Amino acid sequence: MTTTAASASPAAARAPTLQRYGRMLGRYLRPQWRAASALALLLLGSIALQLLVPQILRRFIDAASVSAVSGGGIDAAMLADPVWWAPGGLAGLALLFLAVALVTQLLGAGATYAGAAVGWTATNALRSDLARHCLGLDLGFHKTRSAGEMIERIDGDVTALSDFFAQFSVRVLGGMLLLVGILTVLWFENVWIGAALTVFTLLELAVLARTRAIAVPATTLEREANAKLFGFIEERLAGIEDVRANGGGPHALQRFLVPVRTFFFDTRRAWMLRSVVWLSSYGLFVLGSLVTLGASIQLVTIGAITLGTGYMVFQYMVMLQAPIEQITQQMQHLQRAGASIGRVDELMRTESALPVGAGRSLPGGPLDVRFEGVRFRYADAAPGTPPILDDIDLRLAPGRVLGLLGRTGSGKTTLTRLLFRFYDPDEGTVRLAGVPTTDIALDDLRARVGMVTQDVQLFQASVRENLSFFDRTISDERLLAVLHEVGLGAWFSHLPEGLDTFVKAGGGNLSAGEAQLLAFARVFLEDPGLVILDEPSSRLDPVTERHLERCVERLLRGRTAIIIAHRLETIERADEVMVLDAGRVAEHGPRERLAADPGSRYARLLAAGRGSDGERHRTHPDLMELA
């Protein structure tokens, strides 16, 4: 079973970037309607004042021209004249211009701040939804993608949208409103001027619309190259010890050149194609400015308009540059965002291979486990490959402990993954407490099944957060009780900051035994009805192992358990033993009965594990084959 993208309708598949962006923008801005309303008011106020400024300048220039033609100059008598300081006087107009300009800047700054706050809140919500969606996808999805690629998909693509989210309403919507306002004023001033600049604006926007989609495919390749680069770096950093120990540094650097070279060329190509939009827009604007300036000079010369009106027309033409440039820049951002939107859409439309079931709950106490004719093959397996699990039948009564043996690749780990419903079987049914796992709510299923493995995953966070998996509802008293229950009381008493003590990434400041006991503490907190142990003590020294064994005894008490065994000592606490061979049940029965049967595989393994003196050897080659 594989994770697949949800099939979209043809109309949705052909939806342009702006339409998809509009849907996304509406979805994440709707909860912020109050902040968005305040932003709209700030934008409208700023635009209205911007349209007023050229009108003030026209009146000032015309008034100054009349004064100059009449031979008057600015002298002490004029400065003392109250009319000069009146709202319609030169000084009054100058003061009004300064006041309007100041308020315009304040409103513009407020709109930019509000737009950034609204935009970042929206993209943080999108990032949260995307991360939650990916965490809900099946394990097959995550196995086919590196951690670096997922970081780029969830954080990198959304970050590429952040600036566009933050500036879209202020720059694009505000720019469009300013354009409409300027053209409306010009139409009222002079029909021919208004018509000419309207044609120019439409031509400019048509060129933008024509060139906008040029760089989207290239930008998509750029984002993909970036994801592959992050994935490569993450994989090499994760294996840095093995790379260094085996002298693989030069080879890793040589391989590093491939994703870096791809990223460089794809990024350069995308940047060059995005520049086409800016160059075409700027060239048209230069041409339009020259035509407008020449026409204004001609109209003033023949007396068709006043000098102030001519300046006002040219000023409005200059003002057209700002919103058009803003729209142009945002269109370039849209090209980058368009690729991210497509990738985010694709990820959000990806459905888990695990369909949502009836959402049933599991009872408390130890769980009954059943496998009924289970057959399973990994989706990425080569054609013709035998199934990992083939016709598995198993009944494990509540409170019983099953020891699971088998060579590497026999299906032991896969069997336990089906119990967590990381995958669903291709055929047959897995039941817990008589309920098919496909009908159990996933949260309830994974809360009632616990696992401890050899490889403990610890986070770069506090002891409290590592124990509770960042669940703040768990009280400190409960955490402390569990730490003492697993035998970490003395260790906790020496922590400098108690539960707030910081744990390094991967548990770098903890011993292997302390890390394993923390993993046991996590399971105790969940109080599951089924526990799966993947030989958690196999890498510990004998003293720490004996301490851990006591913890295992407490954990298994009153619970159903499956122990994946790599050493026969571990099986001695099992009630039943099952041996897997090539995905099939080779042997299953009570441990004591199988041990007493000389013809059973388990009895032969016990015999092979003893030396001539009857002592059991931990490192017998035949036993190591079972790991």
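Just so it is clear, none of the values below were taken in a lab; they were calculated from the coordinates. This one's a predicted model, so the numbers in the text were calculated from it and none came from an experiment. As a convention, Cβ positions derive from the backbone with ideal geometry for all residues, glycine included, and neighbour counts pool all protein chains shown.
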Subject >> Potential extension, Arg268-Glu346 segment - 0.36 nm per residue separation minus Cα distance >> reply: 25.6 nm
Original post:
Going highest first, how would you order 174-180, 101-107, 474-480 by mean Cβ packing within 10 Å?
Top reply: 174-180, 101-107, 474-480
Original post:
Which residues' amide hydrogens lie under 5 Å from the amide hydrogen of Leu488, considering only partners 5 or more residues apart or on another chain, with H built in the peptide plane?
Top reply: none
**OP:** For Gln254 and Ala512, calculate 0.36 nm times their separation in residues minus their Cα-Cα distance, and state this gained length in nm to one decimal.
**Re:** 89.4 nm
Original post:
Hey, what do the phi angles of the stretch 124-138 turn into as Karplus ³J(HN,Hα) couplings, whole Hz, using 6.51/-1.76/1.60 and θ = phi - 60°, x for Gly and Pro?
Top reply: 5, 5, 5, 4, 5, 4, 5, 5, 5, 5, 5, 5, x, 7, 6
Original post:
Roughly speaking, what is the stretch gain from Trp192 to Lys504, that is 0.36 nm per residue apart minus the C-alpha to C-alpha distance, in nm to one decimal?
Top reply: 105.1 nm
**OP:** Along Cα→Cβ, 7 Å out, is where each label goes; now give me the distance between the ones at Thr408 and Leu52 in nm to one decimal.
**Re:** 7.9 nm
Subject >> Cβ charges +1 (Lys, Arg) and -1 (Asp, Glu), total dipole of the stretch 100-162, debye >> reply: 60 debye
Subject >> Other-chain or far-sequence residues with amide H under 5 Å of Thr501's (modelled H) >> reply: Val463, Arg464
Original post:
Under a 5 Å amide H to amide H cut-off, with H placed in plane at 1.01 Å, what residues pair with Ile305 once short-range neighbours are removed?
Top reply: Val300
Original post:
Among Ser289, Ser511, what is the fewest-to-most ranking by other Cβ atoms within 10 Å?
Top reply: Ser511, Ser289
**OP:** In whole Hz, with x marking every Gly and Pro, tabulate ³J(HN,Hα) for the stretch 382-399 from phi via Karplus 6.51 cos²θ - 1.76 cosθ + 1.60, θ = phi - 60°.
**Re:** 5, x, x, 6, x, x, 5, 10, 10, 6, 8, 10, 8, 10, 10, 5, x, x
Subject >> Calculated from backbone phi, Karplus (6.51, -1.76, 1.60) coupling profile of the stretch 257-272 in Hz, x at Gly/Pro >> reply: 5, 5, x, 5, 5, 4, 4, 4, 5, 5, 5, 5, 5, 5, 5, 5
